[in-house]
Amino acid sequence: MKVHRRIQFGTKLLVGFVTVAVVTTACGSGSGSSSSNEANGSGAAASDVDRNATLRYAWTLGPNNLDPHQSANYQIDFNYLSPVYDRLTQAVAGPEIAPMLAESWEFAPDGMSANFKLRTDATFHDGTKVDAAAVVKSLQRATDPARARAAGALALINGIEEVDPTTVKISTNRPAADLPSVLSSTVASIISPAAIDGNVDLSVETAGSGPYVVDEVRRGDRITYSRYDGYWDPEAQKAAKLEIIGITDDNARLNAFRSGQIDAMLAKAGQTDDLQTLLRQPQYQLHTYPVAQYYAVQLDIGQPGLEDPRVRQALNYAIDREGINGALLKDQCAPISQPIAPEIKGTDEESVGRYTYDPEKARQLLAEANAPADLRLKLITVAGLSPQQEMATAIQAQLAEVGVGLDIMPLPTADAQVRMGEGDYALLNPRLTFPTPAQSLQNNYLVPLRFPTAPSQEFTDAVSKTLDPNTTEDERISLYTQASRIASEDAYDVFVCGIPTQAAYTDKVYGKIGRAH
């Protein structure tokens, strides 16, 4: 098959967080608002970039386990680990899967394996070369459930071998058009063999080949980094130092931004009014990305009382999405009724606006399905995280109106998804989003950790066919639409609303604030 240096999927980038791709300028000159400035982050020219500067960026959660192969939640860990660890591939704006440690890749005709040709100028931070043997050792660790908590994310891989010092063959247990995209995640980070063989405690130490090395780690708070001299792509390390901070409280994060303690931040939809006040001043700017991610009450469809799709449909009709959006999210979170957002290729037009606020219809469906009179959901939320806490209370009241009980269970971040995967629980959180709809559907609904009871065979078959490299783009989009319609009709989630990803930054920042897998 044809050698692929980059893969263009023709969809919007499907992630729900902002990664650092900006650098601080020498003097913060310029504050223009033209389209070019929106793309670049400020009016500064590239020649103004201060390569001795420090970029300070804040989002909602602090660093946890530093071992990329032990990641419990890549949405948290990617931010902190991607500066340190290279992968074979990387997701860039578009979305597009581009080379990283692999310069190119070629699929076998049956789509069940691919050869990755490695670049020859990459080294680990310990000075050793990144070669095929190193990649094989690292990925064998990453795919071994006995050594890697995140091995499930790479479950499609069933073989990794060195073809020659610059070529790695990766075999899969199914046709895997998504393999290059899967390998762009930090769960597929390439770790120094010396650290693996030396039993280095990678939960507190790092051993990567990325553009930065770690200076200091404050667990649950922040990581500071310095540029790694000799990195193969100097454009990926314009700032001399990075400081990535987790600030859970939205007001505290905004105050840190306003006072100049940070240069850029993840902005929540509920902060719109406060941000508008800041944006009247020329030194502050905001970039909003197309909606790809959505809030949902993630269900275990096999929980007693929820097996009948009509019950799950009833839960959807009981939710006042417009009210939640207006009262809690400043009209920034448009109601949604399916897992593929309206701006993504593959959205199902028939499912747009399927679930309106209709408590009477909810009661009717519950009666038709003979739902248990004492039906209750155990709803997990991430402790201390807004607006999920407030949304949970609103959803609790709305479900009570149709006779469904809801017990809210705040849990630490590291425990929330694990508990959901045990079954008989619901989880209020954004659904994970990935560079392609195929990955999003696969990882959200075909992985027991996130969807404990398997979906219908029709849904599974549609998603599986999208993963075949021999499937045409038109066929793939049609399959996305089919899968999205099934998930909507069968109410695999209580769909709430699509979340805009927003980044606020000052005119001291130059370069794109980008989202990556």
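The values are calculated or read from the model by the stated rules, or taken from the named source; none is laboratory data. Fair warning: this is a prediction, and the values are worked out from it, not measured in the lab. We place every Cβ from the backbone using ideal geometry, glycine too, and count neighbours over all the protein chains shown. To get the accessible areas, we keep the full protein, side chains included, count just its heavy atoms, and leave off ligands, DNA and RNA. Shrake-Rupley method; radii C 1.70, N 1.55, O 1.52, S 1.80 Å.
Give the residue, chosen from L139, L179, L202, that is within 18 Å of P469 (Cβ to Cβ), of a type outside the set (D, E, K, R) and either open to solvent by 40 Å² or more (accessible area, probe 1.4 Å) or out of contact with any Cys (no Cβ under 6 Å at 6 or more places or on another chain) (or both).
Result of the check over L139, L179, L202: L179.
Output yes when any residue across the range 404-415 is under 17 Å from Y492 (Cβ atoms), modelled with pLDDT of 95 or more and not in a loop (DSSP other than H, G, I, E, B), and no when none is. Give the steps one after another, and end with the answer.
Step one: of the range 404-415, the residues under 17 Å from Y492 (Cβ atoms) are none.
Taking every residue of the range 404-415 in turn, none turns out to be under 17 Å from Y492 (Cβ atoms), modelled with pLDDT of 95 or more and not in a loop (DSSP other than H, G, I, E, B).
With respect to R280, determine if the residue is surrounded by fewer than 18 Cβ atoms within 10 Å (Cβ to Cβ) and out of contact with any Gly (no Cβ under 7 Å at 6 or more places or on another chain).
Details: surrounded by fewer than 18 Cβ atoms within 10 Å (Cβ to Cβ): yes; out of contact with any Gly (no Cβ under 7 Å at 6 or more places or on another chain): yes.
Spelling it out, R280 is indeed surrounded by fewer than 18 Cβ atoms within 10 Å (Cβ to Cβ) and out of contact with any Gly (no Cβ under 7 Å at 6 or more places or on another chain).
Got a number for residues in the range 244-277 being surrounded by fewer than 19 Cβ atoms within 10 Å (Cβ to Cβ), touching a Ser or Thr at 6+ places or on another chain (Cβ under 9 Å) and in a loop (DSSP other than H, G, I, E, B)?
Final tally of qualifying residues: 3.
Return the residues of the range 87-112 that are part of a strand (DSSP E or B), crowded, with 19+ Cβ neighbours inside 10 Å and modelled with pLDDT of 95 or more; say none if nothing qualifies.
Once the filter is applied, which keeps residues that are part of a strand (DSSP E or B), crowded, with 19+ Cβ neighbours inside 10 Å and modelled with pLDDT of 95 or more, the range 87-112 yields T89, P99, A102, W105.
Please state which one of Q281, Q293, Q261 is over 17 Å from the mean Cα position of the chain (by Cα) and touching a residue at least 24 places away in the same chain (Cβ under 8 Å).
Of the residues listed, the single one that is over 17 Å from the mean Cα position of the chain (by Cα) and touching a residue at least 24 places away in the same chain (Cβ under 8 Å) is Q261.
Filter the range 306-335 for residues that are open to solvent by 10 Å² or more (accessible area, probe 1.4 Å) and touching a Lys or Arg at 6+ places or on another chain (Cβ under 8 Å); which is nearest to P387 (Cα to Cα)?
The residue in question is P335.
Would you confirm, using the coordinates I've provided, whether D461 is assigned to a helix (DSSP H, G or I) and either more than 23 Å from L266 (Cα to Cα) or not β-branched (V, I, T) (or both)?
Details: assigned to a helix (DSSP H, G or I): yes; either more than 23 Å from L266 (Cα to Cα) or not β-branched (V, I, T) (or both): yes.
So D461 passes the test.
Looking at A503, is it within 30 Å of L366 (Cα to Cα), crowded, with 23+ Cβ neighbours inside 10 Å and among the aliphatic types (A, V, I, L, M)?
Against the criterion (within 30 Å of L366 (Cα to Cα), crowded, with 23+ Cβ neighbours inside 10 Å and among the aliphatic types (A, V, I, L, M)), A503 does not qualify.
So, Q396, is that one assigned to a helix (DSSP H, G or I), open to solvent by 60 Å² or more (accessible area, probe 1.4 Å) and modelled with pLDDT of 95 or more or not?
Values: assigned to a helix (DSSP H, G or I): yes; open to solvent by 60 Å² or more (accessible area, probe 1.4 Å): yes; modelled with pLDDT of 95 or more: yes.
Answer is yes for this residue.
Among the residues in the range 422-432, are any open to solvent by less than 20 Å² (accessible area, probe 1.4 Å), out of contact with any Pro (no Cβ under 7 Å at 6 or more places or on another chain) and assigned to a helix (DSSP H, G or I)?
Looking for residues that are open to solvent by less than 20 Å² (accessible area, probe 1.4 Å), out of contact with any Pro (no Cβ under 7 Å at 6 or more places or on another chain) and assigned to a helix (DSSP H, G or I), one finds none in the range 422-432, hence no.
Select from the range 377-389 the residues that are of a type in the set (A, V, I, L, M) and buried (at least 17 other Cβ atoms within 10 Å of the Cβ) and list them in ascending order.
L377, L379, I380, V382, L385
Any residue that is open to solvent by less than 70 Å² (accessible area, probe 1.4 Å) and either more than 19 Å from D300 (Cα to Cα) or basic (K, R) (or both) - is there at least one of those in the range 367-376?
Start the filter on the range 367-376 by keeping residues that are open to solvent by less than 70 Å² (accessible area, probe 1.4 Å), which leaves 367, 369, 371-372, 375.
Those still in the list that are either more than 19 Å from D300 (Cα to Cα) or basic (K, R) (or both) too: 367.
There is at least one residue in the range 367-376 that is open to solvent by less than 70 Å² (accessible area, probe 1.4 Å) and either more than 19 Å from D300 (Cα to Cα) or basic (K, R) (or both).
Within the range 218-235, how many residues are under 24 Å from the mean Cα position of the chain (by Cα) and surrounded by 19 or more Cβ atoms within 10 Å (Cβ to Cβ)?
3
Only one of S226, S171, S181 is outside any loop (DSSP other than H, G, I, E, B), in contact with a helix residue (DSSP H, G or I) (Cβ under 8 Å, 6 or more places away or on another chain) and of a type in the set (S, T, N, Q). Can you tell me which?
After ruling out the rest, the residue left standing is S181.
For a quick check of your reading of the model, give me the residue pairs whose first member lies in the range 398-426 and is in contact (Cβ under 8 Å) with a residue 12 or more places away in the chain, whose second is of a type in the set (F, W, Y) and not in a helix (DSSP H, G or I), with beta-carbon atoms closer than 6 Å and at least 6 apart or on different chains.
From residues that are in contact (Cβ under 8 Å) with a residue 12 or more places away in the chain, the pairs are R419/Y425.
Being part of a loop (DSSP other than H, G, I, E, B), in contact (Cβ under 8 Å) with a residue 60 or more places away in the chain and within 30 Å of L449 (Cα to Cα) is the requirement here; does Q303 meet it?
Spelling it out, Q303 is indeed part of a loop (DSSP other than H, G, I, E, B), in contact (Cβ under 8 Å) with a residue 60 or more places away in the chain and within 30 Å of L449 (Cα to Cα).
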